[in-house]
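Here's the structure, in structure tokens; my notes come after.
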Amino acid sequence: MQMYIQHFLWVLKRYLLLIIVGVVLCSVLTGVVSVMRAPKYEAVATIQVSIASGDSTNDVFSNQTIAVGYALKMTNNDVLKAASQKSGVSVKDLQDSITAAPLDGTQLIGVHAITEDAQKSAFEANAVANAFIEYEKGSEAQRLQGILDKLRPEITTAQSAGDQTAVSGLQATYNNVQIQLSMLENGLFLEEQALPPTTPNSTSLTTNLALGFGLSLVLMCVFAILLDWIDVSIKTPEDVSRLAQLESLGSIPLRKGVSTLVPPLVANDEVLDEAFTVVGANFQALYAGQRSLLVTGMRGRDGVTTIASQLAISLAQAGLRVLLIDANLRRPAQHQVFKANNARGLATVLSDVYVLKKQRSQLPAWLSQWKTPMPNLWLLPAGTFSVSPLTVLRSMELRKLVDWLVQDITAPGGSSAVDLVIFDAPSLDRQADVSTLAALCDGCVLVMEAGKTSKDSLKTAQALLQRLSAPLVGVVVNRQKEKHHSYFYAGQQQEEGVVVDTVPVAKYAPLRSAEEVAVAPVPSPSPKPGLVLSSSAPPTPDVPTALLASEEITPPALVANSATLTPEARKSSSPPSFEQSEEHAPQVEAQTNPRVGIARASGWKAPSAKEAEEDDKWGRPQHVTSVPEQSYQQNRN
């Protein structure tokens, strides 16, 4: 009970401003109506009913019963017409102003008249009361006189016939009717005339304001609780687990005046630093060997860039070698976070895959050009592009690059270039971009703004990512405010519901063992000893270089054909051979990497199209390879 009381007090505090505004408006409206409404005056005339003249209890009850019947007849048209003829007041006005009711436990009838004039109220009440008495006496006397007129000839006939018994009976009835007729004059009379009231009948302004204030306060409190009950938006990590039944990685509080786009500022804010640390720790707890991770949001401006960068920093500090790729080509921002140059990046270096195909040993050197001041962390910015962003994301060069980065680069016993590739992806409202990137990833981290997403929307997003072969690892609640509390009315069934299994099976080999970490070369110039995540399963053998060399890749010219495939098909299908893609290497180089001659700080230099043709003998006549030729080349590989 105490928990309920505390929650309701919190709800009232949360909606205090709304409650105050509602109460003030209702009170003001009540006062205005009370002042503008004309005062009403009520006058009451009392009629005494004494038809049964005895003092016995039965006679009293009989009179009370008669009084009830008379009260119902008080406002019929015949009575009101009679009162209208004598008073000059219209029947309609009398119908609007006159009411009648017996006084409880008495033989009295109260005739009430309510009008805007005190004198008029008294006049109408007396007029109707007198008219009813005259009307009822006349009607009853006429009825009794009719009975007497009927009995007289019957008595004469019985006397002529000599029937004394019949004569006696008829005479007794005749005498009783005469008694009733004589008593009628005193059986119904005006007990008390109506006097003009001195004060209005309506309640005072103070009373109306008090009633309006009390009722509006109760109604606004109920309305506030109703608003809290119907608000099922996700506001806290607990809501993610209880309402949406998904894994939560934590929440990031909304800090006014603090920019979360710059890592140094985050480090200077203890609250933010602690929040991002919790998110990173929870991700590692749910980590199941994924080698590529998609970070996306429910809608634009949910803070995906911030979460992706901070998650990458947290994992790098924990010892994982992380490559962060800014795949949000339409709104790139990671280069601003890390103060990096965006002239070259994802959109311009994919053609390097054709060089790395022949020079796999230079993959660490290629990676080192994207190093950041943070140990174990590399950043591949979006870069500038002249083609459609969707074309870049759908290219098989990107898939091949990611495969090589997270798989072993030498014979068995070697180490992968990085442990995890994180894609800073567009939000789910850019479904085409997200669907393309999901085909490259083993899992997904979903970012949502607190209080802006319902549980149904979150479940729909989870189902979408599951279909795209990027199961949801966890949800990060961003910009949580102090006023945000968990949903209080979740039922027992929701609390004990089975959480959907959102942790995917790793696409690539699991992380290296402790011995491999100790001896593996790290491309970073200043590696930082990190936390090794142990695994009970033995490490998967490295993929031989010869097998990697025979893997197939689709050039950009053939990307359109892969757009119709499902994510699963794009992961497992057999696209054209690598040799076919070599035919298009010069074209790709010219389209996506116009700065191929720029020297890089690490010593890595991508050859030009002409050099690639001379050194690697990639140049071939531009023609469409036939099906038999494709089969031959695949068998040759």
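The values are calculated or read from the model by the stated rules, or taken from the named source; none is laboratory data. Bear in mind the structure is a predicted one, so any value in this text is a computation, not a measurement. FYI the Cβ positions are ideal-geometry reconstructions off the backbone, even for glycines, and counts take in every protein chain you see. Note: areas computed on protein heavy atoms with side chains; ligands, DNA, RNA excluded. Shrake-Rupley method; radii C 1.70, N 1.55, O 1.52, S 1.80 Å.
Would you mind telling me which numbered condition in (1) in contact with a helix residue (DSSP H, G or I) (Cβ under 7 Å, 6 or more places away or on another chain); (2) small (Gly, Ala, Ser); (3) more than 18 Å from Ser50 (Cα to Cα) Ser168 fails?
Result: Ser168 fails condition (1) only.
With closer than 30 Å to Leu148 by Cα and open to solvent by 80 Å² or more (accessible area, probe 1.4 Å) as the only criterion, which of Glu192, Glu185 stands out?
Glu185
Is it the case that Ser202 is in contact with a Lys or Arg (Cβ under 9 Å, 6 or more places away or on another chain), under 25 Å from Ala118 (Cβ atoms) and open to solvent by less than 70 Å² (accessible area, probe 1.4 Å)?
Against the criterion (in contact with a Lys or Arg (Cβ under 9 Å, 6 or more places away or on another chain), under 25 Å from Ala118 (Cβ atoms) and open to solvent by less than 70 Å² (accessible area, probe 1.4 Å)), Ser202 qualifies.
Would you check which residues across the range 112-156 are of a type in the set (Phe, Trp, Tyr) and in contact with a Phe, Trp or Tyr (Cβ under 7 Å, 6 or more places away or on another chain) and list them?
Hits for the range 112-156: nothing passes.
For every residue, the table says whether it meets (1) touching a Cys at 6+ places or on another chain (Cβ under 9 Å); (2) crowded, with 17+ Cβ neighbours inside 10 Å; (3) of a type in the set (Asp, Glu); (4) part of a helix (DSSP H, G or I).
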site	(1), (2), (3), (4)
Leu25	no, no, no, yes
Val32	no, no, no, yes
Pro39	no, no, no, no
Ala43	no, yes, no, no
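Determine which member of the set Ser53, Ser62 is part of a loop (DSSP other than H, G, I, E, B), of a type in the set (Ser, Thr, Tyr) and at pLDDT below 85.
Matching residue, one of Ser53, Ser62: Ser53.
Can you confirm whether Arg291 is among the basic types (Lys, Arg) and under 27 Å from Leu468 (Cα atoms)?
Here the answer is yes, as Arg291 does meet what is asked.
Which one of these is out of contact with any Pro (no Cβ under 8 Å at 6 or more places or on another chain) and at pLDDT 90 or above: Phe488, Phe423?
Residue meeting the stated conditions: Phe423.
Going by the structure shown, is Ser87 within 59 Å of the chain's Cα centre (by Cα) and of a type in the set (Gly, Ala, Ser)?
So Ser87 fails the test.
Quick one: how many residues across the range 354-390 are among the β-branched types (Val, Ile, Thr) and at pLDDT below 85? Talk me through it step by step, then tell me what you get.
At the first step, the residues of the range 354-390 found to be among the β-branched types (Val, Ile, Thr) are 355, 372, 384, 387.
Adding the requirement that they be at pLDDT below 85 leaves 355, 387.
Selection size over the range 354-390: 2.
Yes/no matrix, rows are residues, columns are (1) open to solvent by 40 Å² or more (accessible area, probe 1.4 Å); (2) under 60 Å from the mean Cα position of the chain (by Cα); (3) modelled with pLDDT of 90 or more:
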residue: Thr106; (1), (2), (3): yes, no, no
residue: Ala122; (1), (2), (3): no, no, yes
residue: Asn126; (1), (2), (3): no, no, yes
residue: Ala129; (1), (2), (3): no, no, yes
residue: Ala141; (1), (2), (3): no, no, no
residue: Leu148; (1), (2), (3): no, no, no
residue: Thr156; (1), (2), (3): yes, no, no
residue: Asn176; (1), (2), (3): yes, no, no
residue: Leu181; (1), (2), (3): yes, no, no
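Can you confirm whether the range 254-262 contains a residue that is in contact with a strand residue (DSSP E or B) (Cβ under 7 Å, 6 or more places away or on another chain), outside any strand (DSSP E or B), modelled with pLDDT of 90 or more and among the hydrophobic types (A, V, I, L, M, F, W, C)?
Scanning the range 254-262 turns up no residue that is in contact with a strand residue (DSSP E or B) (Cβ under 7 Å, 6 or more places away or on another chain), outside any strand (DSSP E or B), modelled with pLDDT of 90 or more and among the hydrophobic types (A, V, I, L, M, F, W, C).
Taking interchain pairs and intrachain pairs at least six residues apart, which have beta carbon atoms under 9 angstrom, with the first residue in the range 122-143 and more than 13 Å from Gln85 (Cα to Cα) and the second aromatic (Phe, Trp, Tyr)?
The qualifying pairs are Ala122/Tyr41; Ile133/Phe189; Glu136/Tyr70.
Being part of a loop (DSSP other than H, G, I, E, B) and under 17 Å from Val49 (Cα atoms) is the filter here; which residues of the range 82-135 pass it?
Hits for the range 82-135 are Leu103, Asp104, Gly105, Thr106, Gln107.
Every residue in the range 373-408 that is surrounded by 21 or more Cβ atoms within 10 Å (Cβ to Cβ) and more than 14 Å from Leu440 (Cα to Cα), please.
The answer is Asn376, Leu377, Trp378, Leu379, Leu380, Pro381, Ala382, Gly383, Pro389, Asp408.
Per-residue answers, yes or no, for (1) under 37 Å from the mean Cα position of the chain (by Cα); (2) outside any strand (DSSP E or B); (3) not polar (S, T, N, Q):
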residue: Glu185; (1), (2), (3): no, yes, yes
residue: Glu191; (1), (2), (3): no, no, yes
residue: Thr203; (1), (2), (3): no, yes, no
residue: Thr206; (1), (2), (3): no, yes, no
residue: Gly212; (1), (2), (3): yes, yes, yes
residue: Met220; (1), (2), (3): yes, yes, yes
residue: Ala224; (1), (2), (3): yes, yes, yes
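In this structure, does Ala82 turn out to be surrounded by 14 or more Cβ atoms within 10 Å (Cβ to Cβ), in contact with a Gly (Cβ under 9 Å, 6 or more places away or on another chain) and either free of Cβ contacts under 8 Å to residues at least 60 places away in the same chain or not aliphatic (A, V, I, L, M) (or both)?
No; evaluated as a whole, the condition is false for this residue.
Against the definition (touching a residue at least 24 places away in the same chain (Cβ under 8 Å) and surrounded by 15 or more Cβ atoms within 10 Å (Cβ to Cβ)), how does Ile114 come out, yes or no?
Answer is yes for this residue.
Output the qualifying pairs, or none if there are none: Cβ atoms under 7 angstrom, residues six or more apart or on different chains, first residue in the range 192-211 and closer than 20 Å to Lys120 by Cα, second residue basic (Lys, Arg) and at pLDDT 85 or above.
Correct list of pairs: Pro200/Lys40; Asn201/Lys40; Ser202/Lys40.
Here is a check on your reading of the model: is Ser427 closer than 16 Å to Val295 by Cα, buried (at least 20 other Cβ atoms within 10 Å of the Cβ), hydroxyl-bearing (Ser, Thr, Tyr) and within 41 Å of the chain's Cα centre (by Cα)?
Yes: the conditions hold for Ser427.
Can you tell me how many residues within the range 158-171 are open to solvent by 50 Å² or more (accessible area, probe 1.4 Å) and part of a helix (DSSP H, G or I)?
7
Just a yes or no: is a residue in the range 139-148 part of a helix (DSSP H, G or I) and closer than 18 Å to Val68 by Cα?
There is at least one residue in the range 139-148 that is part of a helix (DSSP H, G or I) and closer than 18 Å to Val68 by Cα.
Looking at the range 263-366, what helices (runs of 4 or more DSSP H) fall wholly within it and have at least 3 residues that are within 21 Å of Met448 (Cα to Cα) and open to solvent by less than 20 Å² (accessible area, probe 1.4 Å)?
Details: elements: 263-268, 270-286, 304-317, 334-337, 346-349, 352-358.
Answer list for the range 263-366: 270-286, 304-317.
Output the number of residues of the range 109-120 satisfying the condition of being under 27 Å from Val60 (Cα atoms) and at pLDDT below 90.
Narrowing the range 109-120 to residues under 27 Å from Val60 (Cα atoms): 109-112.
Pick out the ones that are also at pLDDT below 90 and you get none.
Number satisfying all stated conditions: 0.
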